[in-house]
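Single-structure report; data block below.
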Amino acid sequence: MMRTVVVVGALLLGAGSAMAQQDLAVKQDNLMKAQGKSMYGVIFKMTKGAIPYDQAAVDAAIAQLEASVPTIPGAFATNPKENAHNAEYGASPKLWRNKADFDSKVPAVAKAIADVKGTIKDVASLKVAYDTIQEKCVGCHETYRLKLR
């Protein structure tokens, strides 16, 4: 009887741990998706003329990026050991081997966002802002992001 209780307890603990790890991976994925929506779904599409220029949408996208980018190191403080199920992108194992380098890139992205905030008035200035931010984002994406599917 005692063995059964121990085995069931161990199974529940293991299942709970796996669920917590998956929740963490989903939170990481959701953070990056939200930033991608602002950066690529709004700003990039406007720079390409795919959607009309909308100052309120630009301001909201910049505000979302400004608020969420500094949270990246905290969101990626723990390695969930697996990426979110059905995610298109995930964290590379390189991130966990070189966490200090990963974290050190975030302030440059936050500074780029702060530098362009308030300077965007039209598509031309939006393109400059996009290039400024993208230049800082792409280093992490190329090094620490994996295409999963």
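Read-outs: derived from the displayed coordinates by stated rules, not from any lab. The shown structure was predicted, so the numbers you read here are calculated from the model rather than taken from an experiment. Don't worry about glycine lacking a Cβ; one is built from the backbone with ideal geometry, like all the others, and counts go over all protein chains shown.
Observations on the structure shown:
- Rounded to 10°, Cα long-axis angle of helix 123-144 versus longest principal axis of the chain: 30 degrees
- Candidate lysines for bridging to Lys105, where Cα separation is under 23 Å - those fewer than 8 sequence places away on the same chain excluded: Lys27, Lys33, Lys37, Lys81, Lys94, Lys117, Lys127, Lys136, Lys147
- Rounded to whole Å, sorted largest first: equivalent-ellipsoid semi-axes of segment 32-140, Cα gyration tensor: 27, 15, 11
- A simple count of charges around Val123, restricted to other residues whose Cβ falls under 15 Å of its Cβ and scoring Lys, Arg +1 and Asp, Glu -1, yields 0.
- Computed lengthening from Ala114 to Val26, 0.36 nm per intervening residue step minus Cα-Cα distance: 28.9 nm
- Put a dot 7 Å past the Cα of Glu66, heading toward its Cβ, do the same for Asn79, and the two dots end up 3.6 nm apart.
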